[in-house]
1. Of the residues that sit in the stretch 8-46 and are of a type in the set (D, E, K, R) and in a strand (DSSP E or B), which one is modelled with the highest pLDDT?
2. Identify, from the list THR198, THR211, the residue that is at pLDDT 95 or above, β-branched (Val, Ile, Thr) and over 16 Å from the mean Cα position of the chain (by Cα).
3. Assuming ARG15 fulfils every condition listed in (1) farther than 19 Å from LEU96 by Cα; (2) in contact with a Phe, Trp or Tyr (Cβ under 6 Å, 6 or more places away or on another chain) apart from one, which condition is it?
4. Sort out which residues of the stretch 35-68 are over 18 Å from ALA121 (Cα atoms) and β-branched (Val, Ile, Thr), and write them in order of number.
5. Which residues, taken from the stretch 106-156, are of a type in the set (A, V, I, L, M), assigned to a strand (DSSP E or B) and over 23 Å from GLN195 (Cα atoms)?
6. Quick check on this structure: which one of GLN180, GLN139, GLN190 is over 16 Å from VAL103 (Cβ atoms) and modelled with pLDDT of 95 or more?
7. Hey, TYR201 hits all of (1) in contact with a Ser or Thr (Cβ under 9 Å, 6 or more places away or on another chain); (2) loosely packed, with under 14 Cβ neighbours inside 10 Å; (3) aromatic (Phe, Trp, Tyr) but one; which does it fall short on?
8. Tell me, which strands (runs of 3 or more DSSP E) wholly within the stretch 157-229 include 3 or more residues that are within 22 Å of LEU33 (Cβ to Cβ) and not basic (Lys, Arg)?
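The values are calculated or read from the model by the stated rules, or taken from the named source; none is laboratory data. These numbers come from a predicted model, not from an experiment. A quick note on method: Cβ atoms are made from the backbone with ideal geometry, for glycine too, and the neighbour counts reach across all protein chains shown.
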Amino acid sequence: MKAMILAAGRGERMRPLTDFTPKPLLKVGAKPLIVWHLERLAQAGFKEVVINHAHLGGQIEQALGNGSLWSMHIQYSPEQQALETAGGIANALPLLGEQPFLVVNGDIYTEIDFAPLANLAHSLSPNLAHLLMVDNPPQHPQGDFAIVDGSLSESGATKLTFSGVGVYHPSLFASVGRGQAAKLAPLLRQAMAKQLATASYYDGVWHDIGTSERLHNLDQQLMTRGPLA
């Protein structure tokens, strides 16, 4: 199973930090955010990773290289302008192949074990998507979707927040042309309408690094206690 890390966002809310450094290379606990992902993906047995980039993307390629440091092979999917989540994934499909793949947002910090999600690839069909959901953080109290009997739903009583970690079948993005900007939510809603989207709940460590304050707070936490194994 291949994995993709979404790293094309501009990080407007984190300026001026992101004026000269792409958001995934900002450090917490003495490591760039994206390196935490690569280490955990490697621990889970992933050998092939695709990373998209736009803003200051050359820095990402220079910092990570071909992935040999983590005993994996990294390929890059450059974008002239960020194509949104679904657009970025659709643009990278030639690198991702025809089988289900894992996608991780580059601007989160999480201690998720990716191995069970890798196993999910073999049982995803006929579903098109499986999302990992988390408790609603203070900055997003309304949540996104609910989990109802294992399915992703907009009508459940308790809505949770999408973690930015999901497993997708390439056909979910069939309607998005290469180089076309597109959001993920409409595609998920189409899949939900056909009962082709599932979800599970994750109650471990997860942080959305959307502001410099959140970045600083997480950095202090990691430097104080150290990351969990």
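1. Within the stretch 8-46, the subset of a type in the set (D, E, K, R) is 10, 12-13, 15, 19, 23, 27, 31, 39-40.
Filter once more, keeping what is in a strand (DSSP E or B): 27, 31.
Numbers: LYS27: 87, LYS31: 91.
So, considering only residues that are of a type in the set (D, E, K, R) and in a strand (DSSP E or B), the one modelled with the highest pLDDT is LYS31.
2. Values: THR211 fails: at pLDDT 95 or above.
One residue alone meets the criteria, THR198.
3. Condition (2) is where ARG15 drops out.
4. First pass over the stretch 35-68, keeping only residues over 18 Å from ALA121 (Cα atoms): 35-39, 51-68.
Hits for the stretch 35-68 are VAL35, ILE51, ILE60.
5. Taking the stretch 106-156 as the starting set, the residues that turn out to be of a type in the set (A, V, I, L, M) are 108, 112, 115, 117-118, 120-121, 124, 128-129, 131-134, 146-148, 152.
Filter once more, keeping what is assigned to a strand (DSSP E or B): 108, 129, 131-134, 146-148, 152.
Hit for the stretch 106-156 is ILE108, nothing else.
6. Working: GLN180 fails: modelled with pLDDT of 95 or more; GLN139 fails: modelled with pLDDT of 95 or more.
Residue meeting the stated conditions: GLN190.
7. Unmet condition: (1).
8. Details: elements: 159-168, 197-201, 206-208.
Of the strands (runs of 3 or more DSSP E) lying wholly inside the stretch 157-229, those with at least 3 residues that are within 22 Å of LEU33 (Cβ to Cβ) and not basic (Lys, Arg) span 159-168, 206-208.
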